[in-house]
Amino acid sequence: MPTDAQLRGLYRLSYWLTYIMLQPIHLVCIDDRTSNLYVLAGNTENLEFQITLNGEVF
């Protein structure tokens, strides 16, 4: 289960990707090894993001 900070980061990233950059989001999942959220996005699935436990987006 994602943390509150991760959910806030996911909301900000989702808004930025879909409404500002007009890019689709293909996959959102939790990496079992690090507990980070993983986001795969972009028209050609070339944008990758990780959201740490404290909500930082990389």
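The values are calculated or read from the model by the stated rules, or taken from the named source; none is laboratory data. All figures in this text were calculated on a predicted structure; none of them were measured in a lab. Cβ coordinates were reconstructed from backbone atoms using ideal geometry, including for glycine residues, and neighbour counts include every protein chain displayed. Only protein heavy atoms, including side chains, enter the accessible area calculation; ligands, DNA and RNA are left aside. Shrake-Rupley method; radii C 1.70, N 1.55, O 1.52, S 1.80 Å.
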Report summary line: The correct count of residues that are part of a strand (DSSP E or B) and either touching a Phe, Trp or Tyr at 6+ places or on another chain (Cβ under 9 Å) or open to solvent by less than 40 Å² (accessible area, probe 1.4 Å) (or both) in the stretch 23-58 is 14
Query raised in the report: Out of ALA5, ALA41, which single residue is in contact with a helix residue (DSSP H, G or I) (Cβ under 7 Å, 6 or more places away or on another chain) and touching a residue at least 12 places away in the same chain (Cβ under 8 Å)?
Result: ALA41
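Residue-wise test of (1) touching a Pro at 6+ places or on another chain (Cβ under 9 Å); (2) of a type in the set (A, V, I, L, M).
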{"site": "LEU10", "(1), (2)": "yes, yes"}
{"site": "TYR15", "(1), (2)": "no, no"}
{"site": "LEU22", "(1), (2)": "no, yes"}
{"site": "CYS29", "(1), (2)": "no, no"}
{"site": "ASN36", "(1), (2)": "no, no"}
{"site": "THR44", "(1), (2)": "no, no"}
{"site": "LEU47", "(1), (2)": "no, yes"}
{"site": "GLN50", "(1), (2)": "no, no"}
{"site": "GLU56", "(1), (2)": "no, no"}
**Report entry** Per-region count, the stretch 1-22, residues open to solvent by 60 Å² or more (accessible area, probe 1.4 Å) and of a type outside the set (D, E, K, R)
**Finding:** 9
